[in-house]
Amino acid sequence: AWSPMMLLLVPELMLPTVLSGEADTASALALSVEDEFPAVFATSRMVALMELAAARCMRPSLAPGQLSVGVNVNVSHLAATPTGVRVRAEATFSGMQGKLYCFELNAWDQGGLIGQGTHTRAIIAAERLLKGAYSRNGTGN
């Protein structure tokens, strides 16, 4: 079973870090010319980095064939980050909510805190997740 003490076992190298590039910008999210977004680190990329930090914290508790999946994310993007700047995310276990694992999230660039929030994850059987997804959408696999 997973416990908060396992966070002490997560090496610094497991904290996700990315050097922001053009593909990480909000402007890269545009699907048409009418979609206009700034050329700064996208909120969606920051959230993905934060979620990855929490998922990495849970790795030691997963049995073969299990995954942890995100259930809820509540994040504020506090500051813009230009391309070419490294962004780092950290997740801290804050407790259980039934079967859900709860985390406090933070993200930084060299200028300081750029995002913070909360996130919940669940442990599921990978095969069951995929089977349900295909079944729900009427597709085979």
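Computed quantities for the displayed model
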| item | result |
| --- | --- |
| Near pairs, Cβ below 8 angstrom, 6+ apart or cross-chain, from segment 26-39 (farther than 17 Å from HIS77 by Cβ) to any residue that is open to solvent by less than 100 Å² (accessible area, probe 1.4 Å) and outside any loop (DSSP other than H, G, I, E, B) | ASP35/LEU29; GLU36/SER27 |
| Qualifying positions in segment 1-40 - open to solvent by less than 100 Å² (accessible area, probe 1.4 Å), modelled with pLDDT under 85 and more than 19 Å from the chain's Cα centre (by Cα) | SER3 |
| Candidates LEU100, LEU130 - the one that is of a type in the set (A, V, I, L, M, F, W, C) and free of Cβ contacts under 8 Å to residues at least 24 places away in the same chain | LEU130 |
| Whichever residue in segment 93-127 is among the charged types (D, E, K, R) and buried (at least 17 other Cβ atoms within 10 Å of the Cβ) and, among such residues, is nearest to GLU51 (Cα to Cα) | ARG121 |
| Failed item, numbered, when GLN116 is tested on (1) assigned to a strand (DSSP E or B); (2) over 21 Å from PRO16 (Cα atoms); (3) not basic (Lys, Arg) | (2) |
| Tally, over segment 62-79, of residues that are small (Gly, Ala, Ser) and closer than 14 Å to ALA91 by Cβ | 2 |
| Subset tally (residues that are at pLDDT 95 or above, among the hydrophobic types (A, V, I, L, M, F, W, C) and open to solvent by less than 60 Å² (accessible area, probe 1.4 Å)) for segment 56-84 | 3 |
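The values are calculated or read from the model by the stated rules, or taken from the named source; none is laboratory data. Keep in mind the model is a prediction, meaning the values are calculated, not measured. Quick reminder, even Gly has a Cβ in these numbers, built from the backbone with ideal geometry, and neighbours come from all protein chains shown. SASA here: full protein model, heavy atoms, side chains in, ligands and nucleic acids out. Shrake-Rupley method; radii C 1.70, N 1.55, O 1.52, S 1.80 Å.
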